[in-house]
1. Extent of the range A:3-220 along each principal axis, from alpha carbon coordinates, in Å, largest to smallest?
2. Need one number: convex hull volume per residue for the range B:120-238, Cα atoms only, in Å³.
3. If packing is taken as the average number of other Cβ atoms within 10 Å across a peptide's residues, how do C:7-14, A:147-154, B:49-56, B:213-220 rank, most packed first?
4. Output the peptides A:105-111, B:263-269, B:97-103, B:148-154 sorted from most to least packed, where packing is the average of other Cβ atoms within 10 Å over each peptide's residues.
5. More than 16 angstrom separation, counting every C-alpha pair in the range A:1-93; what % is that?
6. For each of B:E273, A:E29, count neighbouring Cβ atoms within 10 Å of the residue's Cβ, then give the residues from fewest to most.
7. Mind checking which of A:A99, A:A182, A:A69 has the largest fluctuation in a GNM of chain A, springs on alpha carbons under 10 Å?
8. Could you work out the Kirkwood radius for the range B:1-151, taking every pair of different alpha carbons, averaging 1/r and inverting it, reported in Å?
Amino acid sequence: MNILNFLNTFFSDGANWHGANGIPHRLLEHIQYSAVALAIAAAIGLPIGLFTGHTGRGGYALSAFATGARALPSFGLLVLMTIWLGQLGTTPAMIPLVALAVAPILVTTHEAIRSVDPAPVDAARGMGMTSPSVLFQVELPVALPLILGGLRSAAIQVVSTATIAAYISLGGFGRYIIDGLASHTYSDVVGGAVLVAGLALATIGVFWLVGRLVVSPGVRRGR
Amino acid sequence: MIRIESVTKRYADGTVAVDDLTLDIPDGSITVLVGPSGCGKTTTLRMINRMIEPSGGRILLDGQDLAQQPVTALRRSMGYVIQNAGLFQHRTIVDNIATVPRMLGWDRGRARERARELMDRVGLDATLAKRYPYQLSGGQQQRVGVARALAADPPVLLMDEPFSAVDPIVRKGLQAELLRIQSELGKTIVFVTHDIDEAIKLGNMIAVMRTGGHLAQYAPPDELLSAPADAFVEDFLGTDRGIRRLSFFTSAGLDVTATPIVTADADAAQIAERTLPELPYLLVTDADGKPLGWAKAEDLAPRTDAGDGASTEDGASTADLLPHGRPFVLGQDSLRDALDCAVLSPTGWAVAVDGTGKVVGVTSQETIATAIRGAHAGRATKPAEPDADAPDAADTSAAGPAQAPATDGPAPDAPDGDADAPVKAAR
Amino acid sequence: MNQYFDMPSDLQHSYVGLIGLHLQEALLPVLFGLLIALPLALVCSRFSWFYAPVLWVTTVLYAIPSLAFFVVLLDYTGDSTTTVMIPLTVYSLVLLVPAIVEGTRAVSPDTVAAATAMGFGSLRRFVQVELPIAVPAIMAGLRLAAVSSISLVSVGAIIGNEGALGNLLHDGQIYHRDPLIITSVVTTAVLAIVVDGLLVLAQVLLTPWQPHGRRAARRAARAAAVDEPAAPRDAVTDAVPAALEDAVR
């Protein structure tokens, strides 16, 4: 049997399309974990990144923090949180997912703001813009493509890692892979893998679209 | 008036960018801060809108200490133009220009209308309004930068090397444009540059600064060129300051003669009558009096004698003419332009025209030299007074240098005695 | 201490052995990735039209979750370290190609022109001029690839016993030995930090022309600011990794 056969078996199985173990339900679960984790990470990373990038302070602390955060093994952390916190809903899964996503968001936001051409910033200050105005009206719009890139990078990693959450008995597309491996139902494993890859690609698409909508044409084509 | 009073800027690491600088910047004119890298000129400029806070001394605007004023309001009341324009790449041209009016609470429509008005003023085509900065050339971007600074009609304009990143031809255009705008608006402009030629071209007053933040000399350009305060200023001015100074002497009183000028159809008698003893050439003009070129008297004469086949000869003779070179506009161009025309002319004589391009006369290098000596003699007694640090000093010098020698300086044919030889001979 | 460092017999490795295995599974793919990325980046920098499609393919590949990648490969390479190392090679490649291309592209056009004018051919110029100048960007890519690779190896535990230190997570759960899980997490994190530190050290040694450290960076910024030392940005020497977070765009 090759991959296509597995896929055919998986997707043509009517049982995979409804109920708690159906694809729509698993998709919602997966999106929910990812979106919540990303939102929490963004709520932490964006303000800090914007502030440190704007003031130019804390660059070294930030890069040390980022190195530490990247070094944390997400899978190990997931297991560790489960044994420490028990099966407390999604909390054990959220901690590693958020930890995973904060570093790229924080560091990219900081660097994106820092890398804004200093000339317009100087001009804005010289024209009498207040410090928050400079940040939100000049630096942020120009840094937006890079910041969205950081968010996207974080989102992809979160979607990818949320798959592993099934290992600690949570839902999402990972369920098909973990359960399939346990029961040697290889069509489920491959089906789940393709679904989660598809979701990751859809994430790229969403961010591309958001970029088209919120980034000024002057910035988009001007680089 | 902006009064910089014993201002010092010392950084935490001990670097002194500006050292006990005192400077009065007069209203309604262009004051240029010029000097080599690290002389503190930009720091000085940035202290005026408090982008940098002085470590000592104070800066007064119309008698008010700047340090007492809210910083954002202060900056909004001063236009600010920087080297690479610093446009907001995410905003259209019209919205870039409307930035300060919007901050001052104007509604969008009025701010944009004002922005379009300014685009026109700085010579930007209205079709560019909806473009983004990346779609504009460097020169156009800099025009937008100037328009943006003027948007809220601030009385003061701070310009930090605004034209140094564009190529020389564009820069020349922008400089001319700035002078034109200034003649219409009469702002108080503080202009920073490292280019002494730009300083001389634009400045009503020039502050030459030297490394370490010291003021080397503060004077109108003409005085700077004629009397540099010390070796540093002299060196900074370069070698040909004598020639450059001639830009400040008008050609208005320059003696020109209309004698050696003939139309293409002049007859032998006219040619003989109009040929000057010291000049074997005649300037040929067309029927409207526009110059065509120089011709030797003997080359013109036989042709017109054999007058029959006029049609073919006319074309041939025009082709034989020596080029007359670029003429200067009498009374409008400076003695430097007149001298340049004479030096470049194949005959050594410069062609003077009026505003419409019609020839009014020709003049020799000797005549121009006499005029220069006369102008120097007149200037030697004059510039002492505008030099004083009275606030209106720059006003006098702004309009002054070009007219002064023409109106009350000794004219080239003044009865000084030294003027006689070449000028009289030309008659 | 034994509860932390006594390895269950089914792992067939000592603690130190697991570390060795983990490093091998994590870092060999980075090395392979680098070896493939170099010629690919050379092609991309010589034919710039080739870069856009390469970037698209790498972006898509990077989006494929590691677990999905592992399980699809199971059918071909079976329960072996190869199954883990192939995806990690791909991820490394995906991080390194943009790092090298962007790094070499950022080399000043004047430098490139000068090298060309001196008679460098394009291959020699790439190897002797552009690559060395791009070392900081490339090292930033390598650091990111190495650290994420070290973290991802553990996921191999899910598809069988291919997670090296990650296998301790599984054993810790089934044998109810929580200390093993802590050992796994802490050891993996420490490995990542140590490898990252070694790469930083390697970069310092490879780029003696670069200012290092806070004071040096500030001095360089001061020297670069021609006229005034106005608010020198305390240049973060490793500003590049952030750009790389987004390198796969």
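Every number in this text was worked out from the coordinates using simple rules, so none of it is lab data. These figures come from a predicted structure and were not determined experimentally. Ideal geometry is used to build each Cβ from the backbone, glycine not excepted, and the neighbour counts take in all protein chains shown.
1. That gives 67, 40, 25 Å along the principal axes, largest extent first.
2. Hull volume over Cα atoms, normalised by residue count, gives 121 Å³.
3. Details: C:7-14: 14.5, A:147-154: 25.0, B:49-56: 18.2, B:213-220: 21.5.
Highest mean packing first, the order is A:147-154, B:213-220, B:49-56, C:7-14.
4. Per-residue Cβ counts within 10 Å, averaged per peptide and sorted highest first, yield A:105-111, B:97-103, B:148-154, B:263-269.
5. Values: 3160 of 4278 pairs.
I get 74 percent for the Cα pairs in the range A:1-93 exceeding 16 Å.
6. B:E273, A:E29
7. A:A182
8. Working: mean 1/r = 0.0589 Å⁻¹.
In the range B:1-151 this quantity evaluates to 17.0 Å.
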